[in-house]
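Colleague: Submitted below is the structure of interest, expressed as structure tokens.
The values are calculated or read from the model by the stated rules, or taken from the named source; none is laboratory data. Note that the structure is predicted; figures quoted are calculated from it, not measured. All Cβ positions, even for glycine, are placed from backbone atoms using ideal geometry, and neighbour counts span all protein chains on display.
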Amino acid sequence: MNNICKICKTKISIKSKYCRKCYQSILSKRNQSGFNNACWRGGRTKHSRGYIYVKKRQHPFSDKQGYIFEHRLIMEEKLGRYLTKKEIVHHINGIVDDNRIENLELTTQSQHINKHITIEYLKNRIPWNKKVK
């Protein structure tokens, strides 16, 4: 069965509208990123540690794929400026995908470490009124 490519008018032996070269050209011109992608979820995704990532390619601290943590964006909007790399946003209740502004607190790295050390100590402390075996 001989067909003719609709673009370059060459004979093709397969049952198709286009030759392989023209078909590849059509596919490469399609914009399948962002909203045009069939897997688009609104630019939000979940990080492996549970944090929410948001697509913001124009943000100065976004990663190679154009994502930034949502809790950092929310804190930046509240402050009206970009956060520095040394500023850390702490989730007060410990739930990392709870990005309500009342659950977020801006800290330095040392303050953030102290908060987590204190929280872990209080969770795992030994009641002093009981005998330890």
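Colleague: Could you look through the stretch 23-77, keep only residues that are aromatic (F, W, Y) and modelled with pLDDT under 80, and pick out the one that is nearest to T10 (Cα to Cα)?
Modeller: If we take residues in the stretch 23-77 being aromatic (F, W, Y) and modelled with pLDDT under 80, then F35 is nearest to T10 (Cα to Cα).
Colleague: Looking only at the stretch 38-77, count how many residues are surrounded by 12 or more Cβ atoms within 10 Å (Cβ to Cβ), charged (D, E, K, R) and touching a residue at least 24 places away in the same chain (Cβ under 8 Å).
Modeller: Number satisfying all stated conditions: 2.
Colleague: Looking only at the stretch 84-102, which residues are free of Cβ contacts under 8 Å to residues at least 24 places away in the same chain and either surrounded by 16 or more Cβ atoms within 10 Å (Cβ to Cβ) or at positive phi (or both)?
Modeller: Passing the criteria: E87, V89, H91.
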